[in-house]
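Let me begin by presenting the structure, written as C-alpha cells, before commenting on it.
The values are calculated or read from the model by the stated rules, or taken from the named source; none is laboratory data. This structure is a prediction, so every number in the text was calculated from the model and none was measured. Glycine gets a Cβ as well: all are built from the backbone with ideal geometry, and neighbour counts include every protein chain shown. Accessible surface areas use protein heavy atoms only, side chains included; no ligands, DNA or RNA. Shrake-Rupley method; radii C 1.70, N 1.55, O 1.52, S 1.80 Å.
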There are 2 protein chains.
Amino acid sequence: MKTHTESEENYIKALYHLGGEQPVSNGDLAQRIGAKGSSVTQAVKRLGQKDLVNVVPYKGVQLTPQGIRLAKSILRKHRLWETFLVDKLGFGWDEVHPLAEQLEHIQSEELVDRMFQFLGSPKHDPHGDPIPERDGQMPPVLGQPIGAFTAGVEIRIVRVEDAGSEFFDQLDTMNINLGNTYKIRAISAFDSSVELGSSTGSFWLSQSMCANIYAIQS
Amino acid sequence: MKTHTESEENYIKALYHLGGEQPVSNGDLAQRIGAKGSSVTQAVKRLGQKDLVNVVPYKGVQLTPQGIRLAKSILRKHRLWETFLVDKLGFGWDEVHPLAEQLEHIQSEELVDRMFQFLGSPKHDPHGDPIPERDGQMPPVLGQPIGAFTAGVEIRIVRVEDAGSEFFDQLDTMNINLGNTYKIRAISAFDSSVELGSSTGSFWLSQSMCANIYAIQS
DNA sequence: AATAATTTTTAGCTTTGCCTAAAATAAAAA
DNA sequence: TTTTTATTTTAGGCAAAGCTAAAAATTATT
C-alpha cells in the first residue's frame, strides 16, 4: 500500500464516513472536509488517478475497493489511538477525537500491530465503535438506542454516538459511562424520554440523549 | 506557541542538531535536510519571517531564542516517543528513530505531559540521550567514551551514539545494552581497542565501537 | 592582486491544495 | 416545457516546498 498525503487520507475518511461504499455528492464532501466545492472537484480528480475513487462528473464520487481498504485502515488507526489515549493516558473520551485525527496519519504497519497487542486486542474503541481488524473485517456494531427497549428491562451501555462536545459534557455530568447498567423504569408516552434506574437512584433521559446512547439487554 | 509545518520543524531540528545555538551554513543544512541549497535559502527566509532564525545572507543561519525553544520541544517529543516505543511497545532501539520522526510532529502539549507521566518522568531516552524538560532545561549528558577509562575500572553503559544501523546491529549481536556493567580488562596500546569483562566472559571492542559507547564508573 | 573554485542566491518552473469568480450542468418550479 | 434555482466544474490566482540552471558573492590559489 503506497503512501498518501494527509489531505488525501482525510478525503478518503470523509467519503467513507458519509457514504460508506455508496457515492457521495461534491457538496456533502465539501461541507465535511471544510473546503470549497472547487477544491473538492480537484481533490477527487487526484484521488481518481490513484484509483482510490470513481468519479462521475456532476453525479458523485464513490470509493473503490482500494479506497475502502484504505479508509478502514485509517479508521483502525484512529480508533486504536483513541483507545490508547483513554485507556493508557487517561484522557476523557470527549477529548481524544482531535488528537486521534493527527495520530491516524502515522505510517507504520508495525506500530499499529504492536499497539493493537499492547491494548489487549480490543474490538471496540472508548465510544463503543468497532475497530476494523487488520484484514478489514468489522466487529459487530453494538447495541440499539435506549428508547428501543421496553420498560422493566435491564440494560448495559455499550456505545455512544459522537454527537458533539455538549453531548459528551452532559454524559459526564450525569455520570453515564460505557459499561454502566440500568433498569428501564419507564418510557414516556408523551415525549419518549426514558427513566433509568440504578442502585444509586433514578433519573430521566431526554429523547435526544437516548437517541445517541446505545445499549444491550443484560 | 503557534503551529508550524512539518517542514519548518524539520529545519529547526536540523539547525539545532548541527549548530545548537551557533550559526550553520547553507550547505551543511542542505545536506542534513536532504534538499538543494536553493530550497534551503527559501526555507530559512520563511523561518526568518517567523522570527525562528536570524539569517545573514552568504554567512549563515542561527536559531533565535524562540527557535531554540521550539527545537527543544520537538526533541523532547522525539525522545519521549522513542522511550514509549521501546519501553511500552517493545520496539528495538535501532528501529524507533524513523517512527519517532513522524510522531514528534504531533501537536498537543497535553499529550506530551501525559506521555511523560505515563513513562515515569524519564530523564533519558532508550539511547541514553537526555530528554529536555518541559521548561527547556536539559538533564545531564551522561558518560564518557569507553576508551577514556583506565584498565581495572568497573563501568556501566549509559549511552550510545546514533551511528547508523550497522552499529546498532553490532551492539545487538554482541548483546550490549544500556545498563550493562563490565570491567575494563585492558586497553590496547596498538589500536586503542578495549577488552571488556563480564560474568559470562570477556571480549574485545574496536576503537570505533568504543568511540560511540559511553559509560560511567560504577 | 587576479584568477579559479566553491558556495550561495536569484530566477523561473512544478505539484499539492486551497481560494474566488464565472460558466456549465442538473434539478426544481412555474 | 420553459425558466429559475442550485450544484458542480472550469479558469485563473496564491502559498508552501521542492527542483534546475544561471548569476553573484565568498573563499582559496596562484
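Descriptive notes on the structure:
- Here A:V53 clears all of (1) over 15 Å from the mean Cα position of the chain (by Cα); (2) surrounded by 16 or more Cβ atoms within 10 Å (Cβ to Cβ); (3) away from DNA strand C (no atom under 14 Å from the Cβ) except the condition numbered (3).
- The residues in the range B:173-205 that are in contact with a Ser or Thr (Cβ under 6 Å, 6 or more places away or on another chain) and open to solvent by 50 Å² or more (accessible area, probe 1.4 Å) can be counted, and the count is 2.
- Some residue of the range B:129-150 being within 11 Å of another protein chain (Cβ to nearest Cβ) and in contact with a Phe, Trp or Tyr (Cβ under 7 Å, 6 or more places away or on another chain): no
- Residues that are in contact (Cβ under 8 Å) with a residue 60 or more places away in the chain, at positive phi and under 16 Å from the mean Cα position of the chain (by Cα) occur in the range B:120-141; there is at least one.
- Filtered residue count, the range A:1-50, keeping only those that are away from every other protein chain (no Cβ under 14 Å), near DNA strand C (Cβ under 10 Å from one of its atoms) and among the acidic types (D, E): 1
- Scanning the range A:86-107 for residues that are under 14 Å from B:L103 (Cα atoms), within 7 Å of another protein chain (Cβ to nearest Cβ) and either of a type in the set (F, W, Y) or open to solvent by less than 30 Å² (accessible area, probe 1.4 Å) (or both) gives A:L99, A:L103, A:I106.
- Matching residues in the range A:56-84 - criterion: being more than 19 Å from A:T3 (Cα to Cα) and either away from DNA strand C (no atom under 13 Å from the Cβ) or open to solvent by less than 50 Å² (accessible area, probe 1.4 Å) (or both): A:G60, A:V61, A:Q62, A:R79, A:L80, A:W81, A:E82, A:T83, A:F84
- Residue under evaluation A:G147, criteria (1) open to solvent by 70 Å² or more (accessible area, probe 1.4 Å); (2) in contact with a Cys (Cβ under 6 Å, 6 or more places away or on another chain), criterion not met: (1)
- Scope the range A:1-34; condition under 24 Å from B:E6 (Cα atoms), among the hydrophobic types (A, V, I, L, M, F, W, C) and buried (at least 17 other Cβ atoms within 10 Å of the Cβ); matching residues: A:I12, A:A14, A:I33
- Scanning the range A:152-166 for residues that are at pLDDT 95 or above, of a type in the set (A, V, I, L, M, F, W, C) and over 18 Å from A:K123 (Cβ atoms) gives A:V153, A:I155.
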